[in-house]
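Beneath this line is the structure, given in C-alpha cells, with notes to follow.
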Amino acid sequence: MGRVLVCVLRPMSLVLRHVFAVIYHAMLDRSGLLDELSSKTFDVLVIGGGITGAGIARDAVMRGLSVALVDKGDFASGTSSRSSRLIHGGVRYLEHGHLRLVFEASAERRRLLRIAPHLVHPLEFTWPVYRGQRLSRWKLSAGLTLYDALSLFRNVGRHARLSAQDVLGAEPRLRSDQLLGGVRYFDAATDDARLALANVLDARVHGAVVANHVAFTGAQETTDGVRIARVEDALSGNRAEVRALVFVNAAGPWSDAVQQLEAVGPVSHVRGSKGAHIAVPRARLGNGNAVTMLHPRDGRVMFTLPAGTHAIIGTTDSFTSASPDEVRANEADVAYLLEAGNAFFPDANLERTDVVAAWAGIRPLLPTKSSSVSATREHSISATRRSVTITGGKLTTYRVMAMQVVDVVQEILKRPQRRAPTGDRTLPGADSPVSGDATAIVSGLPYRMGAMTFAVERELACTLGDLLIRRTHIAFETPDHGRAAARRVATFLGWEAKELERYDAEVGRIFTIDP
C-alpha cells in the first residue's frame, strides 16, 4: 500500500501531496510492513540498523542474497547519529601503532568521497603546536608524513608545516600565546545519520525489506534449520515472526542484549566507551575549518568542528557501564569540553549557558584488559551455528566490516563467494525536494517544510524524532532541541498530539545533561 501511495503522490500538486501524506500517516498501521517481513524465508536477517547493519544489508542484497533489516528504533538512532561526523584515516591511531587500521580507513575515506559526494566532504584541519605540549611540530609532521603515505598520497591534499603566522592566518581566533607553529592536514566530514540512511535506502532499492521501529524480541530454531525471529512494531504494538537462514547481530552497544535473546552461545560482553560532544554558536569560537586540539588537562586529541552556524567540540572517551538506551552527557563532560574550547579560543569565554546541545553515544569496543580506550578500535566477527555477530569498529570502515561479515554469511550458507560493488556504486540521497513548501522550519537554519513531506514519503521517516533528530539536525541546533519546531511540523503534517509526546520523551532521553 505504501509503495502505491508514494507512486501516486509524486506527480501531484503540493496541496494534494500534503493531504495524501497526512492521510497516509493517519491510516498507516504498519501491518503491511510486518506482513512483508513474515512473507518468506530470508537468507539473512540483520538486527541493527546503524551504519554497520545498514552496510551489511546493502552488501548482502547486492550479492544476490534475500535480506531483511530491522532496528528497534529509527535507522542510525543510536551511536551512528551521535558521532563526531568525521570520515577520517585516524591520525590519532598512529600513536598506538595501528598502521593497518589507518591504511584501511584512509582507503575507505577515498572511496566514500567518491561514492557519496553529497554526504562526505573534504575538511581541512589546523593543528596548532604550543610550547610545552606533548607533541612537537616535527613529531606531528613526521606522523602526518606517514599519514599521507598510508593514504598512498591520494588524500584530498598533503599535510604542510605551518609557522605561527600561518596558523593564525588560517584560524585567527586561536590562542597566540606560546604558539610555535602547527600543521595542516585533510580528512572528511559527513552527515552520519544520513550516511547510514543512504545505505538502507540503497539496500531497499536492491530488494531488501527494511523496517525501522521494529524490535527483535527473541528467537527459536526449527527442525529444518530455519531460524525464527520474533519482532514487535514499537509504533503499533503488532507482532510478527521473521524466518531466516542466518541472523546477523549488528546491534553495536546493544549486541550483548541481542546475543542473550538469541541464546546461541556465550555473550561477548562488549565494552562501552562514552563519547560526548557539545554544540556552541560558531560565532563565539570563530573557527574557519576544523581544529585539532590536545586537551590542556590530559593531552587527549580532540576537535573543534564546523557544523553550519554551530561548532562541535568533542569528544570524550571513557569506559562506561551506562545503558546505551540511557547514555547522556553529564556536567563533567560539558565542563571538560568547554575547558578545551576556552583554552584554544580564549576570546570565546564560553560558559555553560552557551551550550546549545550536548549529547553522547557509546562506542562498542572489543573486550580488552587495557585501561586505554584509544587502543581498541579494531572490530571482531564471530559465528556460532547460524548466527554472526560483529563488534567494535569505526564509522569510516563500515563498508569493509560489512564485506567481511557477508563473506562469513556466504560460507555458512555454502554459497559461491562473490563480492558486491559497494565501493563503486554511488549512494542515493543526492536528490532533494524540488518542489513543495519552502517555508523555513526554524529561522536561520536551512531546513524547509517541504523536506518533511519528502522524508515521510521517500526516506522512511515515521516519527518527529526521525525528522528532527536524524533526517535533519534541528534537535542538535536549537536550544529547545526542536520542541517548538516539532509543534510546527506536526501541525503541517497533521500528526496527532501523541507524536509530540513521543518526541519530547526522545529528546529528553538524548539531550538532557546529567548531573
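The values are calculated or read from the model by the stated rules, or taken from the named source; none is laboratory data. Note that the structure is predicted; figures quoted are calculated from it, not measured. For neighbour counting, all protein chains shown are included, and Cβ atoms are generated from backbone atoms with ideal geometry for every residue, glycine included.
Observations
- Annotation note: Cβ proximity below 6 Å between a residue of region 84-105 that is at positive phi and in contact (Cβ under 8 Å) with a residue 24 or more places away in the chain and a residue that is buried (at least 22 other Cβ atoms within 10 Å of the Cβ) and of a type in the set (Ser, Thr, Tyr) (sequence gap 6+ or interchain) occurs for Arg85/Thr190.
- Identity of the residue in region 175-200, among the hydroxyl-bearing types (Ser, Thr, Tyr) and either crowded, with 23+ Cβ neighbours inside 10 Å or in a helix (DSSP H, G or I) (or both), that ends up nearest to the chain's Cα centre (by Cα): Thr190
- Among the candidates Arg425, Arg419, Arg471, the residue that is over 21 Å from the mean Cα position of the chain (by Cα), at negative phi and not β-branched (Val, Ile, Thr) is uniquely Arg419.
- Qualifying positions in region 155-174 - assigned to a loop (DSSP other than H, G, I, E, B) and more than 24 Å from Ala107 (Cα to Cα): Glu171, Pro172, Arg173, Leu174
- Condition met for Asn249 (assigned by TED's automatic domain parsing to the domain that holds Ser382 and closer than 30 Å to Asn155 by Cα): no
- Single match in Thr426, Thr472, Thr491, Thr422 (criterion: within 30 Å of His121 (Cα to Cα), out of contact with any Ser or Thr (no Cβ under 7 Å at 6 or more places or on another chain), modelled with pLDDT of 95 or more and not assigned by TED's automatic domain parsing to the domain that holds Arg399): Thr472
- Verdict on Arg137 being touching a Leu at 6+ places or on another chain (Cβ under 7 Å) and of a type outside the set (Gly, Ala, Ser): yes
- Selected residue [touching a Phe, Trp or Tyr at 6+ places or on another chain (Cβ under 7 Å) and in a helix (DSSP H, G or I)] from Ala455, Ala486, Ala402: Ala486
- Extreme residue, surrounded by the fewest Cβ atoms within 10 Å (Cβ to Cβ), among residues of region 467-511 that are of a type in the set (Ser, Thr, Tyr) and farther than 18 Å from Asp437 by Cβ: Thr478
- When each of Ala276, Ala203, Ala244 is tested for being buried (at least 17 other Cβ atoms within 10 Å of the Cβ), assigned to a strand (DSSP E or B), modelled with pLDDT of 95 or more and assigned by TED's automatic domain parsing to the domain that holds Arg399, the lone residue that passes is Ala244.
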